[in-house]
Amino acid sequence: IQIDSLNMANQQLRAQNLEARQQLRRAETEKRELTQEKEELTTKVEMASVLSAKNIVITALRNDKGRATTRYDKTIRLRTCFTLRENPILEPGPKIIYMRIARPDDVILTSGMNFMEFEGEEIVYTASREVSYENVDVDMCIYWQNDGQLVPGAYDLNLFADGHIIGATSFALK
């Protein structure tokens, strides 16, 4: 009788042990899935918490009164106007917007030694402006004074903030 009762107790303990191991495996699998889901959500939040620019318009100005031109040799200033999009995920506060204009021969227009960080490297930018971003659409313009660096052809313009490209466009001067 004692042997039978010990065998029964042993079988119950084995069943409990097996059940505990299965619960542990389920918990470990659930933990792994939750960790993976958290990483995916973190990546999505990081991607969503980036500024973006819309309605980018570049105007070549021929005088201080704001008259436009399409000729490189008549241009005294470039004006780039755009709208920073509303983004409720992004943390409000001061943001520096960098503008980088590349000539047709891929030379970057610049005034002095202007460097910003992008993808772990220091790169040259054309002009910048600080803006107070409060999670609503912000209309703004950045100006660059021509000092004789313009040539005829197609130019590429990129806007950067917080180490990310937030907008791009191109324009041409004759």
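The values are calculated or read from the model by the stated rules, or taken from the named source; none is laboratory data. Values in this document were obtained by computation on a predicted structure and should not be read as measured data. Using ideal geometry, Cβ is built from the backbone for each residue, glycine included, and neighbour counts are taken over all protein chains shown. The area values use the complete protein model at the heavy-atom level, side chains included, leaving out ligands, DNA and RNA. Shrake-Rupley method; radii C 1.70, N 1.55, O 1.52, S 1.80 Å.
What per residue convex hull volume, in Å³, do the alpha-carbon atoms of the stretch 1-57 yield?
Taking the convex hull of the Cα positions in the stretch 1-57, it is 43 Å³ per residue.
Once the Cα gyration tensor of the stretch 99-174 is diagonalised, what are the square roots of 5 times its eigenvalues, in whole Å and ordered largest first, as equivalent ellipsoid semi-axes?
22, 15, 12
In square angstrom, what is the accessible area per residue of the chain with a 1.4 angstrom probe? List each step's numbers first, then the result.
Working: 11690 Å² over 174 residues.
Result: 67 Å² per residue.
At 25 °C and a viscosity of 0.890 mPa s, what translational diffusion coefficient does Stokes-Einstein give for the stretch 1-95, taking Rh as the Kirkwood radius over Cα pairs? Give it in µm²/s as a whole number.
120 µm²/s
Give me the percent relative contact order of the chain, please, defined on Cα pairs under 8 angstrom at least 6 residues apart.
Taking the mean separation of contacting Cα pairs over the length of the chain, I get 23 percent.
In the set (i) 20.6, 68; (ii) 18.3, 60; (iii) 29.7, 110, which value of Rg and Dmax of the Cα atoms in Å was calculated from the structure you see?
Computed from these coordinates, Rg and Dmax of the Cα atoms in Å corresponds to label (iii).
Give me the net charge of I89's neighbourhood, meaning all other residues with Cβ under 11 Å from the Cβ of I89; Lys, Arg count +1, Asp, Glu -1. Please report the intermediate quantities before stating the final value.
Values: positive: K44; negative: E46, E86, E91.
Result for the neighbourhood of I89: -2.
Give me the percent of accessible area attributable to carbon and sulfur for the chain, probe 1.4 angstrom.
Percent of accessible area from carbon and sulfur atoms in the chain: 49.
Nearest 500 deg cm²/dmol is fine: what mean residue ellipticity at 222 nm does the chain get from its DSSP H runs of n ≥ 4 alone, each adding -39,500 (n - 2.57), divided by its residue count?
-10000 deg cm²/dmol
Using θ = phi - 60° and the Karplus form 6.51 cos²θ - 1.76 cosθ + 1.60, what ³J(HN,Hα) does each residue of the stretch 89-95 get, whole Hz, x for Gly and Pro?
Result, ordered by residue: 7, 6, 6, x, x, x, 10 Hz.
What do you get for the angle between helix 2-48 and the principal long axis of the chain? Use alpha-carbon atoms, 0 to 90 degrees, nearest ten.
Helix 2-48 sits at roughly 0 degrees to that axis.
Per the Cauchy relation, a quarter of the hull surface: what is the mean projected area of the convex hull of the alpha carbons in the stretch 54-121, in nm²?
7.1 nm²
GNM on the chain, C-alpha springs below 10 Å: top fluctuator among E46, E28, E134?
Fluctuation is largest for E28.
So what are the ³J(HN,Hα) numbers for the stretch 122-132, from phi and the Karplus equation (6.51, -1.76, 1.60; θ = phi - 60°), rounded to whole Hz, Gly and Pro as x?
8, 10, 7, 10, 7, 7, 9, 7, 8, 9, 8
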